1. I'd like to check something: does the range 161-181 contain any residue that is in contact (Cβ under 8 Å) with a residue 24 or more places away in the chain, farther than 24 Å from residue 4 by Cα and within 16 Å of the ligand (Cβ to nearest atom)?
2. Output the number of the condition that residue 111 fails; it satisfies all remaining conditions of (1) more than 14 Å from the ligand (Cβ to nearest atom); (2) touching a residue at least 12 places away in the same chain (Cβ under 8 Å); (3) surrounded by fewer than 22 Cβ atoms within 10 Å (Cβ to Cβ).
3. So is residue 176 in contact with a strand residue (DSSP E or B) (Cβ under 6 Å, 6 or more places away or on another chain) and either surrounded by 17 or more Cβ atoms within 10 Å (Cβ to Cβ) or more than 30 Å from residue 142 (Cβ to Cβ) (or both) or not?
4. Of (1) within 13 Å of the ligand (Cβ to nearest atom); (2) not in a strand (DSSP E or B), residue 64 satisfies all except one. Which?
5. Of 118, 146, 142, which residue is touching a helix residue (DSSP H, G or I) at 6+ places or on another chain (Cβ under 7 Å) and within 13 Å of the ligand (Cβ to nearest atom)?
6. Could you tell me whether the range 150-158 includes any residue that is assigned to a helix (DSSP H, G or I), within 11 Å of the ligand (Cβ to nearest atom) and surrounded by 13 or more Cβ atoms within 10 Å (Cβ to Cβ)?
7. Of the residues that sit in the range 8-38 and are within 16 Å of the ligand (Cβ to nearest atom) and part of a loop (DSSP other than H, G, I, E, B), which one is surrounded by the most Cβ atoms within 10 Å (Cβ to Cβ)?
Ligand SMILES: Cc1cc2nc3c(=O)[nH]c(=O)nc-3n(C[C@H](O)[C@H](O)[C@H](O)COP(=O)(O)O)c2cc1C
């Protein structure tokens, strides 16, 4: 099995959160689809609710506190990303946007990304297309064609084999195929020594 990592960013604020529920279902489907291509996906979930203060501090100071830095590094080092936001005022939430504002602008370049959202009403489903897709296009991510939207009504009793389930499966399959087509992500440390330290001392 090939080893790959999947970062999952969930921006839900409620506890329990429907956004987190959707994120978990998408991640599980992605793991299953990837396994079909002999890829073992390790999932790393990032709950933005827990990082809200850190994100505000980073915006004010320009420096990420340790927990936020770890989350940003996790996204950058991941082979793919699932990004899920609640719809607030017909768009992504401010917290969701702020996290991607403090992410390095090259961190998502050519990274497969699956976008998803939860909302109260299906009337705002196109927010995925007019808000999230342009955001990730700007960050030069490869956003898979199927976006997953779950309104309150989608969490009904038939959700095990309903339209939401088939949309999750389709999007997860597209994400798994993009992961399969790529080499694993390797992040180079800009501060890593590229020459032997003893040689440096000998030839200053
Ligand atoms: C401030 C605020 C604004 C919202 N705006 C919208 C909206 O414009 N359209 C919509 O369909 N739902 C809207 N909602 C409902 C949330 O999108 C919905 O409850 C979401 O699934 C909550 O996710 P969570 O359970 O992960 O917190 C809004 C909720 C809040 C708190």
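Readers should treat all values here as calculations from the given coordinates under stated rules, not as data from a laboratory. As the structure is a computational prediction, the values presented were derived from the model and not from experiment. Here the Cβ is made from the backbone with ideal geometry for all residues, glycine too, and neighbour counts use every protein chain on show.
1. Within the range 161-181, none of the residues are in contact (Cβ under 8 Å) with a residue 24 or more places away in the chain, farther than 24 Å from residue 4 by Cα and within 16 Å of the ligand (Cβ to nearest atom).
2. (3)
3. So residue 176 fails the test.
4. (1)
5. 118
6. Yes: the range 150-158 contains one or more residues that are assigned to a helix (DSSP H, G or I), within 11 Å of the ligand (Cβ to nearest atom) and surrounded by 13 or more Cβ atoms within 10 Å (Cβ to Cβ).
7. Within the range 8-38, the subset within 16 Å of the ligand (Cβ to nearest atom) is 8-27.
Next cut, part of a loop (DSSP other than H, G, I, E, B) only: 11-17.
Numbers: 11: 30, 12: 23, 13: 13, 14: 11, 15: 8, 16: 8, 17: 19.
Applying the filter and picking the extreme gives 11.
Residue by residue, here is whether (1) without any contact (Cβ under 8 Å) to a residue 60 or more places away in the chain; (2) over 19 Å from residue 169 (Cβ atoms) holds:
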residue	(1), (2)
29	no, no
75	no, yes
78	no, yes
88	yes, yes
